[in-house]
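Everything on this sheet refers to the single structure shown next.
What follows draws every value from the coordinates through simple rules; no lab data is involved. If you're wondering where the values come from, they're calculated on a predicted model, not measured in any experiment. Note that each Cβ is placed from the backbone with ideal geometry, even for glycine, and that neighbours are counted across all protein chains shown.
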């Protein structure tokens, strides 16, 4: 990085981290939420044709393009991009599963390990819960409006999780089962990877995570090496794409789209992660890769969901992933 750019990034970080900037940002968030709850920007996925939509949490367009040559189901097609309906999962969910699209939601089977599905659609905790909440006009559907909503993070054991994450294999298992059991017009499969913490190497090696894996953005803010963090992020992306390969061999869907709810910032203009209301393209532009799936029955699902879950479990799960 040339000296002028490095100095500019440091100044940007100092600006973002100042107290006055924090207050200004909260005010900006309030205005953003008020506007987005009424006039959402970006592409609603229900306005695009697909039979199955596979969502990768925090997957950037450039990241998916980087690994695409390693996967036949990606390398054979151009990886396009769309503008997301949010820069956070909560914002994306509130702006995607709207009453305007309730007829399509009724025909959707959704398998998700994103706890904001529960928080927004069941608990009715909408984006930005600040002083202007009475001015917001979010109109999401209820979690009960789906043909089926299966959330494996709620019922797999803590011993089976990889630190905070539900391993992608569990989601693949349930997505295959739901895909075969229900005659759904649309299927959504929402993985948590490659969202941090970046657990792949630590789990494989039977060790605790290093700081650049567990708290990568704090590591970067303290002067850590961006390439180190990027590489473990890419490893988590490979982990979930390996599972998607299994899913595509055990699902009947003529048009499958691989996309993301939002991207991730690794220090661009002093920006890290994916704060609400951020229009930066590394956060708001997400992949739109079209492929297909054919059920060759190479996998037999084994995970059985129970019937009871709790709101407290939702909060704990989100805390494990760096929220609250």
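Considering only 260, 202, 30, the mean-square fluctuation computed in a Gaussian network model of the chain, springs between alpha carbons under 10 angstrom, is largest for 202.
Based on the Cβ-Cβ distance of residue 221 and residue 27, what FRET efficiency does E = 1/(1 + (r/R0)^6) give at R0 = 25 Å, to the nearest 0.05? About 0.60, to the nearest 0.05. Protection proxy ranking, highest mean first, for peptides 220-233, 285-298: 285-298, 220-233, where packing is the per-residue count of other beta-carbon atoms within 10 Å, averaged.
For segment 180-219, what does the alpha-carbon gyration tensor say about shape, rounded, prolate or oblate, given a ≥ b ≥ c as the root eigenvalues, a/c under 1.5 as rounded, and a/b over b/c as prolate? Don't jump to the answer; show the numbers that get you there.
Details: a/c = 7.60, a/b = 2.45, b/c = 3.10.
Since a/c reaches 1.5 but b/c is at least a/b, the shape of segment 180-219 is classed as oblate.
Summarising the strand pairing of the chain, around 45 percent of its internal DSSP beta bridges are antiparallel. Ranked by the mean number of other Cβ atoms within 10 Å of their residues, highest first, the peptides 210-219, 108-117, 160-169 come out as 108-117, 160-169, 210-219.
Residue 41 to residue 294: FRET efficiency via 1/(1 + (r/R0)^6), r the Cβ-Cβ distance, R0 35 Å, to the nearest 0.05? Once the sixth-power term is evaluated, E becomes 0.45. Please find, in a Gaussian network model of the chain (springs between Cα atoms separated by less than 10 Å), the residue of 69, 152, 127 whose mean-square fluctuation is greatest. Answer for the Gaussian network model of the chain: 69. Here the relative contact order of segment 3-320, from alpha carbon pairs under 8 Å that lie six or more residues apart, stands at 30 percent.
Could you tell me which of rounded, prolate or oblate describes segment 60-147, using a ≥ b ≥ c as the square roots of the eigenvalues of the alpha-carbon gyration tensor, with rounded for a/c under 1.5 and, failing that, prolate when a/b is larger than b/c and oblate otherwise? Verdict is prolate for segment 60-147. Largest mean-square fluctuation among 93, 54, 34, in a Gaussian network model of the chain whose springs join Cα atoms under 10 Å apart, belongs to 34.
Can you tell me what share of the DSSP beta bridges in segment 52-211 is antiparallel? A percent to the nearest 5 is fine. Kindly include the intermediate steps, with their values, before the conclusion.
Numbers: 2 of 14 bridges.
Rounded to the nearest five, the antiparallel share is 15 percent.
Projecting label points 7 angstrom from Cα along Cα→Cβ for residue 65 and residue 228 puts them 2.8 nm apart. Taking a point 7 Å out from the Cα of residue 137 in the direction of its Cβ, the residues of segment 41-85 whose backbone N falls within less than 16 Å of it are 41.
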